[in-house]
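J.: A single structure is presented below for examination.
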Amino acid sequence: MNKLFLALLLLPLQGTAMTNQQDLDSQLLKAVQLGTREQIEQLLQAGANPNAVTYRGYTPLHWAANRGLTDMAQLLLDKGANVNATDHRFGYTPLHIAASSGYTELAQLLL
């Protein structure tokens with residue numbers, strides 16, 4: 001099921017070389033919001049940037065913190081995600097989000 005999900009996620013890129021950094025980064029942001037560790041690992045191995053940013057300044061680590069995904073946050077940190085990245089609206093870091101959402105274990109990881 002995970003491979004099917006990833007195939008559907010990447011379907012818009014069919015027929016193009018997955019070397020376009022913006023496409024990889026966009027897919028990584030979607031995968032963290034919706035996906036599994038396996039999908040994130042595949043995208044990172046393909047060259048997706050762990051510090052990709054949405055128009056609001058959210059990084060994959062912000063999304064992992066928002067969802068309480070400690071294992072995904074650890075993977076992103078291992079791949080070089082910036083723990084101090086801030087969003088554009090409030091200046092929140094992933095730590096702010098994890099702590100305010102009650103994700104204690106994740107907040108400790110981000111310290």
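J.: Extending each Cα 7 Å along its Cβ direction at LEU34 and SER100, get the distance between those two points in nm, one decimal.
T.: Distance between label points: 2.6 nm.
J.: Further, regarding this structure: Explain nothing, just compute: Karplus ³J(HN,Hα) = 6.51 cos²θ - 1.76 cosθ + 1.60, θ = phi - 60°, for every residue of segment 74-81 in order, whole Hz, x for Gly and Pro.
T.: Listing the rounded values in order: 4, 4, 5, 5, 4, 8, x, 4 Hz.
J.: Can you list which of the trypsin sites (Lys or Arg not before Pro) found in segment 35-111 are DSSP loop residues with at most 11 other C-beta atoms within 10 Å?
T.: Working: sites: ARG37, ARG56, ARG67, LYS79, ARG89; in loops: ARG56, LYS79, ARG89.
Those that pass, being in a loop and sparsely packed, are ARG56, ARG89.
J.: Looking at segment 20-111, what % of the alpha carbon pairs are farther apart than 17 Å? Numbers along the way, then the final one.
T.: Details: 1671 of 4186 pairs.
That tail contains 40 percent of the Cα-Cα pairs.
J.: Roughly speaking, what is the stretch gain from GLN45 to LYS79, that is 0.36 nm per residue apart minus the C-alpha to C-alpha distance, in nm to one decimal?
T.: Working: separation 34, 0.36 × 34 = 12.24 nm, distance 0.96 nm.
Gain in length upon complete extension: 11.3 nm.
Only the coordinates and a few stated rules stand behind these numbers; no lab work does. Owing to the predicted nature of the structure, the values given are computational and were not obtained by experimental measurement. Quick reminder, even Gly has a Cβ in these numbers, built from the backbone with ideal geometry, and neighbours come from all protein chains shown.
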